[in-house]
1. Which residues, counting only those in the stretch 83-106, are away from the ligand (no atom under 16 Å from the Cβ), crowded, with 24+ Cβ neighbours inside 10 Å and not aromatic (F, W, Y)?
2. Would you point out which residue out of L327, L287, L334 is within 16 Å of the ligand (Cβ to nearest atom) and closer than 22 Å to R229 by Cα?
3. Please count how many residues of the stretch 205-225 are surrounded by 24 or more Cβ atoms within 10 Å (Cβ to Cβ) and either in contact with a strand residue (DSSP E or B) (Cβ under 9 Å, 6 or more places away or on another chain) or farther than 12 Å from S251 by Cα (or both).
4. Only one residue in I155, I168 is within 19 Å of V72 (Cα to Cα) and within 16 Å of the ligand (Cβ to nearest atom). Which one?
5. Which pairs turn up if I take residues in the stretch 140-166 that are within 11 Å of G100 (Cα to Cα) and look for partners that are part of a strand (DSSP E or B) with beta carbon separation below 6 Å, at least 6 apart in sequence or on another chain?
6. Just checking, does the stretch 244-258 include any residue being among the charged types (D, E, K, R) and away from the ligand (no atom under 13 Å from the Cβ)?
7. Kindly check whether there is at least one residue in the stretch 136-151 that is surrounded by fewer than 22 Cβ atoms within 10 Å (Cβ to Cβ), more than 22 Å from S22 (Cβ to Cβ) and more than 16 Å from the ligand (Cβ to nearest atom).
8. Give P104, P135, P74 a once-over and let me know the one that is within 19 Å of V176 (Cβ to Cβ) and in a loop (DSSP other than H, G, I, E, B).
Amino acid sequence: MSHDISTLRKFVSPEIVFGAGSRKSVANFASNFGARHVFLVSDPGVAAAGWVNEIVTLLTDAGIRSTVFTGVSPNPKVDEVMTGAELYKSSECDVIVAIGGGSPMDCAKGIGIVATHGRNILEFEGVDTITNPSPPLILIPTTAGTSADVSQFAIISDPNRRFKFSIISKAVVPDVSLIDPEVTETMDAYLTACTGVDALVHAIEAFVSTGSGPLTDTHALEAIRLINRNLEPLVENIADPYLREQIMLASMQAGLAFSNAILGAVHAMSHSLGGFLDLPHGLCNALLLEHVVAYNFQSAEDRFRRVAEAMDIDTRGMSKPEIKKRLMQRIVELKRKVGLEARLAQLGVSVSDIPHLSGFALQDPCILTNPRKSSLRDVQVVYEEAL
Ligand SMILES: [Fe+2]
């Protein structure tokens, strides 16, 4: 009897330490990797908040030198990765630590790849293009949303093509993720909303993905449940440590789900937007979400019913169109309550950009696991609806 192995699923995860204060174990983990000189990647905002100095001190106290690199912008660029990799090499570093949101973490992944291959990061676009193992990588996320600290994705911006490209490989899953809700206390309400909705999109897209499976489903549903219940209260009360921890946990679970089940059309379309107009990732996702749900619903009705239930909608006795309507209403309400209601046009997108944006969205690997197969015209229509 033959078995179809195309439906088998693997699950990749870093070693994770979750909880308040976990960042303080950074020197222990670096020592375990034999670190003598750590390359510490961050950005100016995180440095100004004091988190970079704290990590430097923790490493110094353990007898480990460090070189700090904060030349990372939102939507990390090809030349920032290349500059970081040169500094890594010239400083003779042996372990990479990044503390920050998705941008420094993705940049750190890129620096590791370039440092061991000695080639341009542009050559690693796509799935499984990495041949050499990267230096040990320890990530400390300061936002609760992007989950670059658990995922097998690195997203880099190529300003020449105005395109954000994806590197997807088990090789960019970090060795260690220190997920510490205390470091999210320097996020403002707007960033909390953007990154929290990004995490919600991760969980929904992973759950309806054609790459989903039992190992990712439980994480995805729990993440949806936690974000639905805790994101609005957190945005209203961003100093609450319990709510911060709940959203950090949700972000981690959404990350484990999407890293392994991959994503869908929201991310394909938002990567295209973010590369073209250099817009914040979470905001792009938020503006597209309900429009993509409306487009996808017919191709994964039972899956979306379970998403609706995880968002505390009692679907008993409801028809499928009713479930679709209620789910979209709840998404729009959640976005409005956390302050992310806007149209693409308000961000500077014009109708004449849509053909270009749609072409790039169809080249993004995330489109391949979208539950409904999408043509160029389909993607154009969804952009038009969000305009
Ligand atoms: Fe995302």
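The values are calculated or read from the model by the stated rules, or taken from the named source; none is laboratory data. Predicted model, so just to flag it, every value in this text is computed and none were measured. Positions of Cβ are generated from backbone atoms using ideal geometry, with glycine treated the same way; all protein chains shown enter the neighbour counts. To get the accessible areas, we keep the full protein, side chains included, count just its heavy atoms, and leave off ligands, DNA and RNA. Shrake-Rupley method; radii C 1.70, N 1.55, O 1.52, S 1.80 Å.
1. G84, A85, V95, I96, V97, A98, I99
2. It is L287.
3. 6
4. Matching residue, one of I155, I168: I155.
5. Correct list of pairs: I140/I99; I140/L178; T142/G100; D149/L139; D149/P141; D149/S177.
6. Yes, the conditions are met somewhere in the stretch 244-258.
7. No; the residues of the stretch 136-151 include none that is surrounded by fewer than 22 Cβ atoms within 10 Å (Cβ to Cβ), more than 22 Å from S22 (Cβ to Cβ) and more than 16 Å from the ligand (Cβ to nearest atom).
8. Of P104, P135, P74, the one residue that is within 19 Å of V176 (Cβ to Cβ) and in a loop (DSSP other than H, G, I, E, B) is P135.
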